[in-house]
Structure formats: structure tokens, C-alpha cells
1. For the stretch 20-60, which residues satisfy the criterion of being polar (S, T, N, Q) and either assigned to a helix (DSSP H, G or I) or within 21 Å of SER10 (Cα to Cα) (or both)?
2. Might you let me know whether the stretch 29-38 holds any residue that is under 15 Å from the mean Cα position of the chain (by Cα) and among the charged types (D, E, K, R)?
3. Return yes when THR160 is modelled with pLDDT under 95, out of contact with any Ser or Thr (no Cβ under 8 Å at 6 or more places or on another chain), farther than 15 Å from ARG71 by Cβ and polar (S, T, N, Q) and no when it is not.
4. Surrounded by 11 or more Cβ atoms within 10 Å (Cβ to Cβ), over 23 Å from VAL17 (Cβ atoms), under 20 Å from the mean Cα position of the chain (by Cα) and at pLDDT 95 or above - does that describe any residue in the stretch 187-196?
5. For ILE86, indicate whether it is in contact (Cβ under 8 Å) with a residue 24 or more places away in the chain, among the hydrophobic types (A, V, I, L, M, F, W, C) and under 20 Å from CYS150 (Cβ atoms).
6. Considering only residues that are more than 14 Å from the chain's Cα centre (by Cα) and small (Gly, Ala, Ser), which ones fall in the stretch 111-142?
7. Show the residue pairs that are 6+ apart or on different chains and have beta-carbon atoms under 8 Å apart, the first residue being within the stretch 28-39 and free of Cβ contacts under 8 Å to residues at least 40 places away in the same chain, the second being assigned to a helix (DSSP H, G or I).
8. Identify, please: which residue in the stretch 140-164 is among the aromatic types (Phe, Trp, Tyr) and crowded, with 20+ Cβ neighbours inside 10 Å and is, among those, nearest to LYS231 (Cα to Cα)?
Amino acid sequence: MCVHLITNASLIGGASVFQNNVFTIHSLPLLPLIEWTFIFLPIIFHAVVGVWISRNAKSNLQQYRLVGNRRYTWQRITAYIAIVFIFTHVFHLHGWFQNEWWLKNIAEPLGMAKFRPYNAASSLSTALAGPTMLAGIAWSIFYAIGVLACTFHLANGIWTAGITWGVWLTPKSQHRASIVCTLFGLFIGTAGLSSLVAVKTTNADEAAIIENEMYDARIQAHTITPDDHKKSKSSVIEEPKPEPVK
């Protein structure tokens, strides 16, 4: 999550900076295996276990309105928000499964699977703009709430895990840890919201020109292989078919 948000925040430096970072990520060997092993499966496991714990736990917020009890309650609330956000976010930008039949017949007809790695900034800008202005506003609000919920859940979860695992047990150590986790949460949350602002202020057409030039340069340098599935449809230039010989 941290790497993801910080990488997205690099869009503040412009479409070229962000595209370079995306090229680096997609040059990793066995990227799908890495994503499923270290991202998707752990998130699914955490979500399933977290829902089970949340459904079986009992809150005492009504009896004890202490800060710790409020944090416990918000940890559960943000967990549910995070689950909905993450699964919707992945569907919105990636379509869940990189299967051509699924993408063409399910995800794309529903207006999902919008992200194209080789047109990173422009496809993100188009995705969050939505088909209408109202849709664009709705997506922006959805992403802002989702990022903040995930940020709180992560930062507060680290603080709670430290207590559970006996890293900070005394009141003083817990207070110091709380400050560190709060600063960490503010940093990650700022990175996430900054990336959202950068996406909303990106001119998709101008970004696409820069991305296509970078794509062509990397193709010529043999650092990436041509892949039209990773490019926006508007950026894929079809070669003219030769006229039949009469």
C-alpha cells in the first residue's frame, strides 16, 4: 500500500516521472506472480480473517468512551470501507482478472478495467473523470474516502499490533508509538490524496502524447516489448493495410 501510494504520488512530478515508475514496475519478471503472492492473496486473507474477528468481537464503546475504544471502533468501520474500496478499485482499474474473455465481456462493458500501464497518467485521468461530470465527482469522493480509510486502518493497525505482540506495553511507549503511527498515517494519507489531486489535474491528451513518445523510445531501445493491451485504445495506431494488387 505504501509503495503503491508513493508511486502514484510521483504523478505530482508530471506524466513522464509517473510513467517511468510504471515502466519499472511492469519490467519486473513474473509480475502477476509477485502481485498475487505479496499483494492480492495477503489482502484477501486479511479481509476474511478481519471480517471474522469483527463479527465475533464485542465493542464496549457505549460503556467506556475512551480514545482507545474509539480507535477500536473506527478500526472496524474503516476495515469494511477498505474492503469495499480495494475490491472496487481493483475492478475499476484492472478488472480483477487479466483474462481477455473476462475483460471484453464483463469488465469493460461495465465501464471497468480502465487502467493502461503504458498510458498510465492519461488512463488514470480518464478513469477518474468518468463518462459524466457527476460520475467524475462520485469517483473522486469514493477514492478520497477509500484512501483515508485504508490509511487509518494501516496506521492504527500497526499501533494495535505493537500492543498485541508486546512491542510497546507501557503507557509511555504506547504514547510514543501512537505519535509515530499518527505521523506515518498523515504522511501516507497526504501521499494518497496528493496523487488523487494530481490525477484530477492531469490533462489526459497532453499526458498521452508524452506517454506514447516514451513508449516508442523504449520499444526502439528494446527495453520493453510491444503490447497493445497495455495501451489505451486511442493510443494504438493501426498500420495501414496494403492495397490488393490488381
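1. ASN20, ASN21, THR24, SER27, THR37, SER54, ASN56
2. Within the stretch 29-38, one or more residues are under 15 Å from the mean Cα position of the chain (by Cα) and among the charged types (D, E, K, R).
3. In short, no.
4. No; the residues of the stretch 187-196 include none that is surrounded by 11 or more Cβ atoms within 10 Å (Cβ to Cβ), over 23 Å from VAL17 (Cβ atoms), under 20 Å from the mean Cα position of the chain (by Cα) and at pLDDT 95 or above.
5. yes
6. GLY111, SER122, ALA129, GLY130, ALA135, GLY136, ALA138 - these are the residues of the stretch 111-142 that are more than 14 Å from the chain's Cα centre (by Cα) and small (Gly, Ala, Ser).
7. Taking only residues 6 or more apart or on different chains, the pairs are LEU28/ILE34; LEU31/ILE25.
8. TYR143
The values are calculated or read from the model by the stated rules, or taken from the named source; none is laboratory data. Quick caveat: nothing in here was measured; it's all calculated off a predicted structure. Cβ atoms come from the backbone with ideal geometry, glycine included; neighbour counts cover every protein chain shown.
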